[in-house]
Amino acid sequence: MIVLRDMIESDIEDYVRWFTTETEWGKEWDAPWEWEETTEEAERESWTEYYESVKDLPPEEPRKKFEIEFDGRHVGWVSRYFDLDHLENPEKIPAVGIDIAEQDARSHGVGTEALRQFIDYLKAQGATCVYTQTWSGNARMLRTAEKLGFVPYDRVKDLRTVRGQQYDALTLKLDLNEGEQT
Ligand SMILES: CC(C)(COP(=O)(O)OP(=O)(O)OC[C@H]1O[C@@H](n2cnc3c(N)ncnc32)[C@H](O)[C@@H]1OP(=O)(O)O)[C@@H](O)C(=O)NCCC(=O)NCCS
């Protein structure tokens with residue numbers, strides 16, 4: 001079962017691990033061009049600070065981020081942001097991001113279901129469309145977006161260099177009102 005939930009204290013140590021030792025999700029896949037090495041101490045401090053800032057949010061406060069639990073195990077997160085890479089966003093359309101840091105939890109449908117639930121949440125908050133951004137070498141993310149109905153919106157050719165190869169920066173868009181009567 002896939003559940004989106006708020007952060008709990010024990011998640012802090014997962015983040016410390018995901019940002020210091022089990023970093024493949026970010027170093028190889030999320031945005032390898034912006035990965036920065038860090039230390040356990042720095043990550044523990046910043047994730048503890050982050051946890052303190054979100055732990056008492058009132059239930060009605062709109063969430064920017066949820067933790068993903070797969071069969072009771074914390075495996076990653078979803079988040080939304082408005083500051084797009086290389087694109088203006090004057091209408092403040094939310095962009096969704098996802099990372100399943102635990103490698104053995106990937107390619108079991110978790111990412112697609114977690115994003116589906118998060119997009120439903122954003123729709124309930126009033127979103128009429130959402131973006132997602134990735135790069136042309138991230139086949140799993142592209143397939144996930146395709147399964148959810150995202151369509152290509154913007155492409156910057158050869159903007160990203162990953163493992164010595166050039167890739168396009170991609171923005172995809174999902175219309176949430178498609179097929180609905182007005
Ligand atoms: C991208 C990510 C969120 C997708 O989540 P996931 O749980 O792996 O995705 P799903 O299992 O729901 O779907 C993945 C699809 O990609 C397919 N896939 C897996 N490896 C693939 C490959 N090398 N090439 C093409 N498709 C591939 C799977 O078969 C599946 O498609 P299917 O259902 O038609 O068989 C997850 O893999 C992840 O976190 N990766 C590392 C970090 C990352 O890239 N984050 C996104 C940053 S933009």
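Coordinate-derived values only; no laboratory data. Not measured: the values here are computed from a predicted model. Cβ coordinates were reconstructed from backbone atoms using ideal geometry, including for glycine residues, and neighbour counts include every protein chain displayed.
Tabulated values for the structure
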quantity: Percent RCO, i.e. relative contact order, over the range 126-175, from Cα pairs under 8 Å lying at least 6 residues apart; calculated: 47
quantity: Neighbour-count ranking [beta-carbon atoms within 10 angstrom, fewest first] of Lys157, Lys27, Lys173; calculated: Lys157, Lys27, Lys173
quantity: Sites excluded, chymotrypsin sites (Phe, Trp or Tyr not before Pro) in DSSP loops with at most 14 other C-beta within 10 Å, longest stretch of the chain; calculated: 83-182
quantity: Members of Lys65/Lys92; Lys92/Lys147; Lys64/Lys157; Lys27/Lys123 lying beyond 26 Å, as alpha-carbon distances in this model show; calculated: Lys64/Lys157; Lys27/Lys123
quantity: Mean separation of Cα contacts under 8 Å (6+ apart) over length of the range 39-182, as relative contact order %; calculated: 17
quantity: The range 85-165, relative contact order in percent, only Cα pairs under 8 angstrom and at least six apart counted; calculated: 33
quantity: Leading residue at positive end of dipole, the range 38-182 (Cβ point charges), from Tyr51, Leu176, Leu84; calculated: Leu176
quantity: Theoretical FRET efficiency, 1/(1+(r/R0)^6), r = Cβ-Cβ of Asp6 and Leu87, R0 35 Å, to 0.05; calculated: 0.75
